[in-house]
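Asker: Take this structure, written in structure tokens, and hold onto it; I'll ask about it next.
The values are calculated or read from the model by the stated rules, or taken from the named source; none is laboratory data. Everything quoted here is computed from the prediction, not taken from an experiment. Glycine gets a Cβ as well: all are built from the backbone with ideal geometry, and neighbour counts include every protein chain shown. These area figures cover heavy atoms from the full protein model, side chains too; ligands, DNA and RNA do not enter into them. Shrake-Rupley method; radii C 1.70, N 1.55, O 1.52, S 1.80 Å.
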Amino acid sequence: MAGPHDASSTTTPSTTYANETGGLILHADVLVIGGGPAGTWAALSAARSGAKVVLADKGYCGTSGATAPSNTGAWYLPAGAARDAEVDRRLEKSAGLADRRWIIRTMEEALRGLDELGDDGYPFPFDEDGRPYRANLRGPDYMNHQRRRVRRAGVTILDHHPALELLWADGVVAGAAGVELRSGERWQVRAGAVVIAAGGCTFLSRALGCDGNTGDSYLLAAEAGAVFSGMEFSAQYGLSAAHATITKGLTFTFASFYLEDGSPLPSEGGDRSTRIARAMIAGHKVYALMNKGEAHEHDWLVRGQPNCFLPFERIGLDPFKERFPVTLRSEGTVRGTGGLDVTGDDCATNVPGLYVAGDAASREKLVGAISGGGSPNASWAIASGVWSGRGAAQFAQRQAGVLGDPLSTRLHTRAVHALGGAGLRPNKTAAGSGFTRELIAAVQDETLPLDVNFFRTGKRIALARAQLDGIWAAARDHLGGTGRELVRAREAASMAATARLVWASAQARDESRGLHRRVDRDGSDPAQTHYIRSRGTDELRVSTAPAPEAVRDLAEEALVS
Amino acid sequence: MIELISADRCIECNLCVKTCPRDVFDAVPNAIPVIARKEDCQTCFMCELYCPVDALFVAPHAEEDVQVDEEHLSESELLGSYVRNMGWRKGKAGGTERDPTRLLRIRNANAG
Ligand SMILES: Cc1cc2nc3c(=O)[nH]c(=O)nc-3n(C[C@H](O)[C@H](O)[C@H](O)COP(=O)(O)OP(=O)(O)OC[C@H]3O[C@@H](n4cnc5c(N)ncnc54)[C@H](O)[C@@H]3O)c2cc1C
Ligand code: SF4
Ligand code: SF4
């Protein structure tokens, strides 16, 4: 069916941009929203498929997003025993929700991508046998390299151009509009198809590199009627020194953990994060000391990941000799797993003309109910980028064909409607930046605290839903502004919309599974080995969909009978 | 958060203005940039990498303002320490070919 599916969006005030004068108007076959790894791979792939491509980033393509200041491991696994073992290990850890076929095709595409990067001059290190080691990407260098590749491919890059809403024409997505941060001027890109690659949502937790990831991907798509999956698996937290942002897991390779009285952190009761979260909720301060490993191994970390040491070097603390307090920062859906449901091998969504890549998409097909960190996410950003870019280019070409003039004036002169509601077009008066800040703090109260989100209860989930309904109503009425204030207002709305999808989905999972840790539900219920799908902005709808193994079982039954 | 633009070192190239992912700086005609929106700084250290003359200092504190003393930072070679440890030079990427992180990853994989 064509058209935004969210019943509520019919009441959204919408503006026709067709005749609006002023501001920048660009035309493209494919618009990519977001310039992290996923967006840059998508732009390259679309350009290679013959499309004219514009890439718009809220920040600066090359430094922006979760990967740029970090370091990501990736799957570099040719077919063989090691790959088979990793596939099996992943399936086993996924709590029944990962899909073998998607894991393997992501591994294959990531391998191709990493080889292409190496062939294209990314300086991978060499191992003892003189072979390049391609399973690790240093963020600043990787994204610097990607930017250069994207430019060489002829893509137009718009830095500091946050996308604020999608454009819609005759049942398909037709581009996006936003403002240029510096001038406050509106911009719009008319396009034959759009790839959403604007990352996940960490609710401004100050996890490394993630503050631009305010869930913009999700609200943009939700307003077009997109379906989400796995939003309940958003309770991933990254460990960092208490004063700092560096949530890179490698920092803690050599760490032991203690409570304030010097006693060791209890070794029983779940993984490291779970034990630290429990101690923190009980009112303890948790400390780390890097007292494991050998000096030459410490040196790998010092030389390989220098920003792991900035937080210590710059306060004059030796983390190998002195203990330091740690904290957990929300990594929401960045290293959590939920996002837009991918409906086709080309990373299409259920919305015609809308494709998705990276953390904007659900990664349940790869990791099921657990975190996508530690290789799946980085590999997915490459693979989903390649697929979505190609898929979007082909969609745009088909659109141009349908409209009767290939690559095409009609595609760009058709009347479009802007779909954006919350944060952009308040029902009542816009209340200004103080209100935006209050609203963000209110969303954070329902998403960041460990005793709300890391550990969950049915009662607290219900309360979060009620609180967020109120927050959403206030957002609809009063969030708005101009220029930068408009961008902040829209970010606040995106965070609220994301949080509502999270808790609506979490409420539908009456069990514990992976990152969805219900302290009032012991373990998983085999009958709930299914996906939780969600959609909507004002009115939310939640449903379930069968897990891959269940689908396969049904298919086998059909063959037998 | 970002705490310092060294007026002694800055050559007014505005690369930090261009590359900061959170748009924290504002360019000023014929002068060094200003830290215009410190509260938006995400403490990612990216600006230090792109500054060609080590004129910027980001304190590691995510939520707190801290006082910094430029002379001390300069003498203790903390200005530009991240750039040097990474192997970048004058705002240009470099050093991944010497990155030993793979040894850590292999160690961690073997440790289970
Ligand atoms: C500390 C840390 C360590 C990690 N380590 C690993 C690892 O070892 N292995 C692994 O697989 N994964 C790891 N991850 C996860 C990995 O970084 C992400 O999965 C990956 O960055 C996703 O890429 P992306 O392009 O989808 O999103 P991002 O890299 O977050 O990029 C999103 C981009 O969208 C832009 N954007 C946001 N909103 C808008 C808007 N409205 N309009 C336009 N642009 C917008 C942002 O500015 C940004 O440039 C780690 C994450 C963190 C935080
Ligand atoms: S990048 Fe460095 S030299 Fe250039 S303007 Fe910024 S502080 Fe000055
Ligand atoms: S640390 Fe990051 S966010 Fe802060 S000023 Fe530098 S580049 Fe910008």
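Asker: Do you know which of the residues in the range A:107-139 that are surrounded by 22 or more Cβ atoms within 10 Å (Cβ to Cβ) and assigned to a helix (DSSP H, G or I) is nearest to the chain's Cα centre (by Cα)?
Answerer: A:Gly139
Asker: Go through A:Arg90, A:Arg83, A:Arg101 for me and flag whichever is within 19 Å of A:Asp359 (Cβ to Cβ), among the charged types (D, E, K, R) and either away from ligand 3 (no atom under 16 Å from the Cβ) or not in a helix (DSSP H, G or I) (or both).
Answerer: Result: A:Arg90 is the single residue among A:Arg90, A:Arg83, A:Arg101 that is within 19 Å of A:Asp359 (Cβ to Cβ), among the charged types (D, E, K, R) and either away from ligand 3 (no atom under 16 Å from the Cβ) or not in a helix (DSSP H, G or I) (or both).
Asker: For the range A:478-492, check the following and say yes or no: at least one residue is away from ligand 2 (no atom under 16 Å from the Cβ), farther than 14 Å from A:Asp216 by Cβ, free of Cβ contacts under 8 Å to residues at least 24 places away in the same chain and more than 14 Å from chain B (Cβ to nearest Cβ).
Answerer: No: zero hits.
Asker: Which one of these does A:Ala174 not meet: (1) aliphatic (A, V, I, L, M); (2) part of a strand (DSSP E or B); (3) away from ligand 1 (no atom under 13 Å from the Cβ); (4) closer than 20 Å to A:Asp359 by Cβ?
Answerer: Of everything listed in (1) aliphatic (A, V, I, L, M); (2) part of a strand (DSSP E or B); (3) away from ligand 1 (no atom under 13 Å from the Cβ); (4) closer than 20 Å to A:Asp359 by Cβ, A:Ala174 misses just condition (4).
Asker: Within the range B:28-45, count every residue that is facing chain A (nearest Cβ under 9 Å) and either within 11 Å of ligand 2 (Cβ to nearest atom) or out of contact with any Ser or Thr (no Cβ under 8 Å at 6 or more places or on another chain) (or both). Write out each step before concluding.
Answerer: Let us first name the residues in the range B:28-45 that are facing chain A (nearest Cβ under 9 Å), namely B:37, B:40-45.
Those left that are additionally either within 11 Å of ligand 2 (Cβ to nearest atom) or out of contact with any Ser or Thr (no Cβ under 8 Å at 6 or more places or on another chain) (or both): B:37, B:40-41, B:45.
Of the residues in the range B:28-45, 4 are facing chain A (nearest Cβ under 9 Å) and either within 11 Å of ligand 2 (Cβ to nearest atom) or out of contact with any Ser or Thr (no Cβ under 8 Å at 6 or more places or on another chain) (or both).
Asker: Here's something else I'd like to know. So which residues in the range A:256-292 are in contact (Cβ under 8 Å) with a residue 40 or more places away in the chain and open to solvent by less than 40 Å² (accessible area, probe 1.4 Å), if there are any at all? Step through it out loud before you land on a result.
Answerer: Taking the range A:256-292 as the starting set, the residues that turn out to be in contact (Cβ under 8 Å) with a residue 40 or more places away in the chain are A:257-258, A:273-274, A:276-278, A:280-281, A:285-286, A:288.
Listed by number, the residues that qualify are A:Phe257, A:Ser273, A:Thr274, A:Ile276, A:Ala277, A:Val286, A:Ala288.
Asker: Something else now. Quickly run through the range A:304-326 and pick out the residues that are in contact with a Ser or Thr (Cβ under 9 Å, 6 or more places away or on another chain) and either facing chain B (nearest Cβ under 7 Å) or of a type in the set (Phe, Trp, Tyr) (or both).
Answerer: Those that are in contact with a Ser or Thr (Cβ under 9 Å, 6 or more places away or on another chain) and either facing chain B (nearest Cβ under 7 Å) or of a type in the set (Phe, Trp, Tyr) (or both): A:Gly304, A:Gln305, A:Pro306, A:Asn307, A:Phe309, A:Leu310, A:Pro311, A:Glu313, A:Arg314.
Asker: Separate question: Exactly one condition in (1) open to solvent by 10 Å² or more (accessible area, probe 1.4 Å); (2) away from ligand 3 (no atom under 14 Å from the Cβ) is false for B:Leu104; which is it?
Answerer: (1)
Asker: Taking the range A:205-249, which residues are among the aliphatic types (A, V, I, L, M), within 10 Å of chain B (Cβ to nearest Cβ) and crowded, with 24+ Cβ neighbours inside 10 Å?
Answerer: First, pick out the residues of the range A:205-249 that are among the aliphatic types (A, V, I, L, M): A:207-208, A:219-222, A:224, A:226-227, A:231, A:235, A:239, A:241-242, A:244, A:246.
From what is left, the residues that are within 10 Å of chain B (Cβ to nearest Cβ) are A:207-208, A:241-242, A:244, A:246.
A:Ala207, A:Leu208, A:Ala241, A:Ala244, A:Ile246, listed by residue number.
Asker: Which of (1) within 20 Å of A:Leu250 (Cα to Cα); (2) open to solvent by 20 Å² or more (accessible area, probe 1.4 Å); (3) away from ligand 1 (no atom under 16 Å from the Cβ); (4) of a type in the set (Gly, Ala, Ser) is the odd one out, the single condition B:Ala93 does not satisfy?
Answerer: The number of the failed condition is (1).
Asker: Same structure again: So the check is Cβ under 8 Å with 6+ separation or different chains; which pairs have a first residue in the range B:1-27 that's part of a loop (DSSP other than H, G, I, E, B) and a second one that's within 16 Å of ligand 1 (Cβ to nearest atom) and open to solvent by 60 Å² or more (accessible area, probe 1.4 Å)?
Answerer: Close Cβ pairs (under 8 Å, with a partner that is within 16 Å of ligand 1 (Cβ to nearest atom) and open to solvent by 60 Å² or more (accessible area, probe 1.4 Å)) amount to B:Asp23/A:Arg182.
Asker: Another one. Given the structure, is B:Glu63 within 23 Å of A:Ile246 (Cβ to Cβ), part of a loop (DSSP other than H, G, I, E, B) and either more than 7 Å from chain A (Cβ to nearest Cβ) or away from ligand 1 (no atom under 16 Å from the Cβ) (or both)?
Answerer: yes
Asker: For the range A:231-341, give me every one of the helices (runs of 4 or more DSSP H) that falls completely inside it and has 2 or more residues that are closer than 20 Å to B:Phe45 by Cα. Steps first, answer last, please.
Answerer: Numbers: elements: A:272-281, A:295-304, A:310-313.
Per the criteria, A:295-304, A:310-313.
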